[in-house]
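S.K.: Structure incoming, see below.
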Amino acid sequence: MENLGPGAGRDVAGIRLPVVGSVVSTEGVGLPFAVVDATGKEVEPISEFMQEMSAGDMPDSSCRSYAFDLLRWWRFLAAIEVEWDRAQRVDVRDLVLWLRHARNPQRVRTRQGAPAAGSVNARTGKPYLAEGYAPRTINHQLSVLKQFYDFHLGAGRGPVVNPVPAATRGGARPGAHGNPLHEFVTHRRGAYRQKVPEQAPRVVDDALWNELFAAMTSHRDRAILATYISSGARASELLGMRCDDLGFGRQTISVIGKGTRTRQTIPASPDAFVWIRLYLAEGHVAPVDAPLPADAPLWVTLRGPRKPLSYWAMRAVLNRANSQLGANITLHDLRHTCAARMMADPHMAITDVQAVLRHKSLATTGMYGTVQLDELINRTLEHHARRAAPPPPRPHPAYNTADLAVLFGEQAG
């Protein structure tokens, strides 16, 4: 496609990204993932930026996410025939317009009978992912590009001006602390930033949870779900557990925190430890009569060679149950459910729930105190039923016989 200047329009709808290049895992120090072009050669500007991010103690998972965002940008630049160091603001604008209307290839469903993208599941009330790119994905893409060009501007490379606008109208970081001596100014979304709709926590009701648990076909899967729903651990944290992370005496588990990457101890339910004992008694982790190896993975495959249970394998277990139940429950929904159950308990303080979920801010924990739709419907129906019911008859007051006799001048009997 011909490269048009800022004063001319570009047919954004006609842009087709070439499927060239890929994200590869590397063994290099400080470069966990790299973007390579069609010839398999590393894209140097991206590799330099990724090394900078890795040196800042960015997790490998975030480096991988950044690499895919930059690969998408590189493909877009190839489609509009613009060099990365010649990109302008109009090119970023057209990328956002393209993302708002393009189909996300990871959302394409080819399975027969798969639910329509964007439709709402009748069992959970939760919508399926839409075919396009979500607002959060677009905002993340812009944030990555902003950092990428800021890095190269600091090194004297790239465009003279960062082509990506700031995240807010005033240029400040969203949510940053303000100077108390200055007048408070509400942050406004920056140019091209998408409005992210507010979503209530996705909670699985008790009836559906019982059906989901009954759909599990092994003690391992029952133990995992029971631990998820009672500890509120994240999916990656729980699946990364080792055998010595079990505290049977205090009924606690230890996980590597997602944000801190330190070992953190959290309580689990007695029911979860019952299922864990049944799972370990089957001998998948170690022979039944042998002690558990301390550094061995706790959750392993049940068939074939013994190897750690991956996230995708556990997700497949949940997807099979979802197909049976007609639901769309995810592993992270169980964390939301655990939080909502604790918040609904009047004997648990919000600081206790914050400690279990390991949130940095109480505001994050407070989201789970919102009224769930099912509870709101039930309470509202009860309210209307009370309004429609006739008022109960007022009981006649009981008078003392002696008092009545004195009142009417009669002889007390």
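S.K.: Would you work out what percent of the accessible area of segment 36-92, with all protein chains in place, is carbon or sulfur (probe 1.4 Å)?
M.R.: On the way: 1160 of 2850 Å².
Accessible surface attributable to carbon and sulfur in segment 36-92 totals 41 percent.
S.K.: Sticking with this structure for a sec: Using a simple charge model, +1 on the beta-carbon of Lys and Arg, -1 on the beta-carbon of Asp and Glu, nothing else, what dipole does segment 185-235 show about its Cα centre, in debye to the nearest 20?
M.R.: Roughly 540 debye, rounded to the nearest 20.
S.K.: Using the reciprocal of the averaged 1/r over all distinct C-alpha pairs, how large is the Kirkwood radius of segment 198-324 in Å?
M.R.: Values: mean 1/r = 0.0652 Å⁻¹.
Its Kirkwood hydrodynamic radius stands at 15.3 Å.
S.K.: How do the peptides 248-260, 219-231 rank, highest first, by the average count of neighbouring beta carbon atoms within 10 Å per residue?
M.R.: On the way: 248-260: 13.9, 219-231: 23.2.
Per-residue mean Cβ counts within 10 Å order the peptides as 219-231, 248-260.
S.K.: Largest first, how would R123, R64 line up by accessible area (1.4 Å probe)?
M.R.: On the way: R123 95, R64 115 Å².
Heavy-atom accessible area, descending, gives R64, R123.
S.K.: Go through T217, T370 and list them by solvent-accessible area, largest first, probe radius 1.4 Å.
M.R.: Values: T217 120, T370 65 Å².
My answer, sorted largest first, is T217, T370.
S.K.: Using only DSSP helix segments of four residues or longer, with each worth -39500 (n - 2.57), what per-residue ellipticity at 222 nm results for the chain after dividing by its residue count and rounding to 500?
M.R.: Values: 14 runs with 170 residues, N = 413.
Mean residue ellipticity, 222 nm, calculated: -13000 deg cm²/dmol.
S.K.: Quick one: with all protein chains in place, what share of the accessible area of segment 240-361 is carbon or sulfur, to the nearest percent (1.4 Å probe)? Please report the intermediate quantities before stating the final value.
M.R.: Details: 3730 of 6640 Å².
Of all accessible area on segment 240-361, carbon and sulfur atoms account for 56 percent.
S.K.: For segment 185-232 and segment 353-413, write down the distance between their C-alpha centroids in whole Å.
M.R.: 33
S.K.: Going highest first, how would you order 142-149, 51-58 by mean Cβ packing within 10 Å?
M.R.: On the way: 142-149: 20.5, 51-58: 14.1.
Answer by packing, highest mean first, reads 142-149, 51-58.
S.K.: Quick one, could you list the DSSP H helices from the chain stretching 20 Å or more along their long axis (Cα atoms) with average Kyte-Doolittle hydropathy of -1.0 or above? Walk me through the numbers on the way to the answer.
M.R.: Working: long enough: 60-80 (30 Å, 0.16); 135-154 (29 Å, -0.40); 311-325 (21 Å, -0.23); 331-344 (21 Å, -0.02); 373-388 (22 Å, -0.94).
Helices meeting the span and hydropathy rule in the chain are 60-80, 135-154, 311-325, 331-344, 373-388.
S.K.: What size of dipole, in debye to the nearest 20, comes out for the chain about its Cα centre when the only charges are +1 on Lys and Arg C-beta atoms and -1 on Asp and Glu C-beta atoms?
M.R.: With only Lys, Arg, Asp and Glu charged at Cβ, the dipole is about 700 debye.
S.K.: Which entry in [x] 1.35; [y] 1.22; [z] 1.04 is this structure's computed Cα Rg over 2.2 N^0.38 Å?
M.R.: [x]
S.K.: Using 7 Å Cα-to-Cβ label points, what is the S218/T301 separation (nm, one decimal)?
M.R.: 1.0
S.K.: Another question about this same structure. Hey, what's the chain come to in accessible area per residue, 1.4 Å probe, Å²? Before the final figure, lay out each step's value.
M.R.: Working: 24910 Å² over 413 residues.
Dividing the accessible area of the chain by its residue count gives 60 Å².
S.K.: Now, a different point. Once the dipole of segment 218-337 is set up with Lys and Arg at +1 and Asp and Glu at -1 on Cβ about the Cα centre, which of G283, F248, G304 lies farthest towards its positive end?
M.R.: Farthest along the dipole direction, towards plus: G304.
S.K.: So how much accessible area does F273 have, in Å² to the nearest 10, using a 1.4 Å probe?
M.R.: Estimated to the nearest 10 Å², F273 gives 10 Å².
S.K.: Among L404, T380, S361, which residue has its Cα furthest toward the positive end of the charge dipole of segment 351-413, with +1 on Lys/Arg Cβ and -1 on Asp/Glu Cβ?
M.R.: S361
S.K.: Further, regarding this structure: Along its principal axes, what span do the Cα atoms of segment 191-238 show, with the longest given first and each in whole Å?
M.R.: Extents along the principal axes: 51, 26, 17 Å.
S.K.: Something else now. Quick one: which of 125-138, 65-78 comes out on top by average Cβ neighbours within 10 Å, and what's the full order, highest first?
M.R.: Values: 125-138: 15.7, 65-78: 19.9.
For the peptides 125-138, 65-78, the packing ranking is 65-78, 125-138.
The values are calculated or read from the model by the stated rules, or taken from the named source; none is laboratory data. Model, not experiment: these values are computed from the prediction. Note that each Cβ is placed from the backbone with ideal geometry, even for glycine, and that neighbours are counted across all protein chains shown. Quick note on the areas: whole protein, heavy atoms, side chains included, nothing else; ligands and nucleic acids left out. Shrake-Rupley method; radii C 1.70, N 1.55, O 1.52, S 1.80 Å.
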